[in-house]
Amino acid sequence: MTEAADLVLRNGRVRTLAGDAAEAVAARDGRIVSVGRTSELDFLVGVETTVVDLDGRVVLPGFVDAHTHMDLLGKQQVEADLSGATSPDECLDRLADRRAETDGWVLGFGYDESRWDGGYLTRDHLDDVSTDRPVVAYREDLHLASVNSVVLDRLGEEFPDEYVETESGTATGVLREDALSVLREAIDPGPERIREYLLTAQEYAHRHGVTSVHDIVRDPAVARTYRELDRTGELTVRVRLNYLAENLDAVREAGLVTNHGTEHLRTGAIKAFADGSFGSRTARLSEPYADGEGRGEWTTPPEELAALVERVDDADMQAMIHAIGDEAVDAVVDAYAEADRRRHRIEHAELLSEESIRTAAEEGVVVSAQPNFLKWARDDGLYDKRLGEQRRRRSNPFGRLREADVPLAFGSDCMPMDPLFGIAQATTAPEKRQRLDTTEAVRAYTLGGAYAGFAEDRLGSIEPEKYADFVVLDGSPWEYTDPAEIAVEMTVVGGTIVSE
Ligand SMILES: [Zn+2]
């Protein structure tokens, strides 16, 4: 007699991404056991089977978000949310609410001064929230933070001068770049709060149909908390942990190698940075910016990148290197072309040369990109300003990458974490070379991420023996003109409903 399934989803439209469409799917012990017609799968229903009648709703493989910062996402959810505030006073009110809920640091995220007169929040503003507890309000791009007098008194000496804004010799409370690293180390949220951040981010991910993430961890305490959550069975999202290059020796000494781990928590890649961003004109370009001097900066110069890739490769680890401008992307692709391992990854790659596209295809380099960034590729968007029309049209060339057979994985960078929004951006991109059809876009957000994480045998499509990770949608991305309007109705990980 056939053993009953744990979960049967029936009467739906199952897009398997593995050939034929189906109506139903059954899972047992975390894995898919059968995919087919409802009438064929009903015999797997036993007394203890959870049965979901989908009434024609659409089932896709769970989304794999290939570039996330879960602790930060959780932090933004848990701490004061300053996004959408239309005045400094509104920010201060929200921070005061948060002050009342917590002890210690009062944190807020996501303010945007362009919503009022364009002035940043200052120590004078934030001293209204508290004069005896440290208060920090981060700008939405996280490259700038405003702090109150308590923070300046406590940490003033430690902030590098060039990143502390002053007015007639006095610090205004506005901090930039490296000063923020000092702040990050000082804030130390502690294990309980980190747990809250990660669990909140996990819930957020599931609400958006995300079942796997490739997460980038800066803080060793975050990695530790992930292990604890995995041990206690509280980790429902599948996490690939990527470590910063400065931790490479520690990772090696701990005996970690890429792909080592459990069903929910694995070691991923070593993350490094080749350049900065277009927003701050620090991404490294081959030609000058359209609206400023210079061609941007190297965060790691090409010779050092090549040496780093060699070390990572020798350590039997995957590399993932942030490169946004075309000259930075060229340098990373060249370094990967010398490596022994394949499937090293480039993060973002917002502008790349035709030569790099060809080399990436030949060498099997994964482009891990953010379709949501296409929101900047419209007329008068950020790319228009920074890059001018020609380069704006060549940015994020997903259609071209697909055509050239470059492995493409989609991720959100949590800006925002929302695969359906990303799929909508990729399918409606202004230029043909940027555009994907719906199947290709969904594939990049499922199988593409699975491949980037060496998990295509376990994730990314709905086939027997793969993990039973699904998302149920109230509409079909193939039918909606704007897939971003589709709601996620249910998310399943390993045959268990984790969100509905
Ligand atoms: Zn990122």
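Could you please tell me which pairs satisfy a Cβ distance under 7 Å, a separation of 6+ or placement on different chains, a first residue in segment 248-262 that is assigned by TED's automatic domain parsing to the domain that holds residue 273, and a second residue that is in a loop (DSSP other than H, G, I, E, B) and surrounded by 11 or more Cβ atoms within 10 Å (Cβ to Cβ)?
Listed pairs, sorted by first residue: 248/315; 252/315; 257/316; 257/317; 258/316; 258/317; 259/454.
Just checking, which of 217, 239 is within 16 Å of the ligand (Cβ to nearest atom) and surrounded by fewer than 23 Cβ atoms within 10 Å (Cβ to Cβ)?
217
Restricting attention to segment 46-88, which residues are touching a helix residue (DSSP H, G or I) at 6+ places or on another chain (Cβ under 6 Å), among the β-branched types (Val, Ile, Thr) and within 16 Å of the ligand (Cβ to nearest atom)?
Within segment 46-88, 64 is the sole residue that qualifies.
When the residues of segment 121-157 are filtered to those that are at pLDDT 95 or above and touching an Asp or Glu at 6+ places or on another chain (Cβ under 7 Å), which remaining residue is nearest to residue 280 (Cα to Cα)?
148
Mind checking which pairs have a first residue in segment 83-104 that is assigned by TED's automatic domain parsing to the domain that holds residue 125 and of a type outside the set (A, V, I, L, M) and a second that is assigned to a helix (DSSP H, G or I) and surrounded by 14 or more Cβ atoms within 10 Å (Cβ to Cβ), Cβ under 7 Å, 6 or more apart or different chains?
Going by the 7 Å Cβ cut-off, the qualifying pairs are 86/115; 88/125.
How many of the residues in segment 1-39 are acidic (Asp, Glu) and modelled with pLDDT under 95?
Final tally of qualifying residues: 2.
Go through segment 323-352 residue by residue and tally those that are surrounded by fewer than 24 Cβ atoms within 10 Å (Cβ to Cβ) and either within 16 Å of the ligand (Cβ to nearest atom) or of a type in the set (Val, Ile, Thr) (or both).
Qualifying residue count, segment 323-352: 0.
If I ask for residues that are out of contact with any helix residue (DSSP H, G or I) (no Cβ under 8 Å at 6 or more places or on another chain) and not basic (Lys, Arg), which ones from segment 212-245 would you list?
216, 223, 230, 232, 233, 242, 244
Filter segment 415-425 for residues that are assigned to a loop (DSSP other than H, G, I, E, B) and either surrounded by fewer than 24 Cβ atoms within 10 Å (Cβ to Cβ) or not hydrophobic (A, V, I, L, M, F, W, C) (or both); which is nearest to the ligand (Cβ to nearest atom)?
Top of the filtered list is 415.
Taking the condition of being part of a loop (DSSP other than H, G, I, E, B) and surrounded by 16 or more Cβ atoms within 10 Å (Cβ to Cβ), how many residues in segment 131-142 meet it? Please lay out each step first, then the result.
Taking segment 131-142 first, the residues part of a loop (DSSP other than H, G, I, E, B) are 131-134, 140-142.
When the remaining residues are screened for being surrounded by 16 or more Cβ atoms within 10 Å (Cβ to Cβ), the result is 134, 140.
The qualifying residues number 2.
Read through the list (1) farther than 30 Å from residue 36 by Cβ; (2) crowded, with 17+ Cβ neighbours inside 10 Å; (3) within 16 Å of the ligand (Cβ to nearest atom), then give the number of the only condition that residue 377 fails.
(3)
Count, please, the residues in segment 103-126 that happen to be in a helix (DSSP H, G or I) and either touching a Phe, Trp or Tyr at 6+ places or on another chain (Cβ under 6 Å) or within 23 Å of residue 188 (Cβ to Cβ) (or both).
3
Of the residues 393, 345, only one is closer than 18 Å to residue 406 by Cβ and modelled with pLDDT of 95 or more; which?
Details: 393 fails: closer than 18 Å to residue 406 by Cβ.
Exactly one residue qualifies, and that residue is 345.
If residue 333 satisfies every condition in (1) farther than 24 Å from residue 430 by Cβ; (2) touching a Phe, Trp or Tyr at 6+ places or on another chain (Cβ under 8 Å) but one, which is the exception?
(2)
Could you check residue 355 against (1) surrounded by fewer than 20 Cβ atoms within 10 Å (Cβ to Cβ); (2) within 16 Å of the ligand (Cβ to nearest atom); (3) modelled with pLDDT of 95 or more and say which number it fails?
Exception for residue 355: condition (2).
The values are calculated or read from the model by the stated rules, or taken from the named source; none is laboratory data. This one's a predicted model, so the numbers in the text were calculated from it and none came from an experiment. Positions of Cβ are generated from backbone atoms using ideal geometry, with glycine treated the same way; all protein chains shown enter the neighbour counts.
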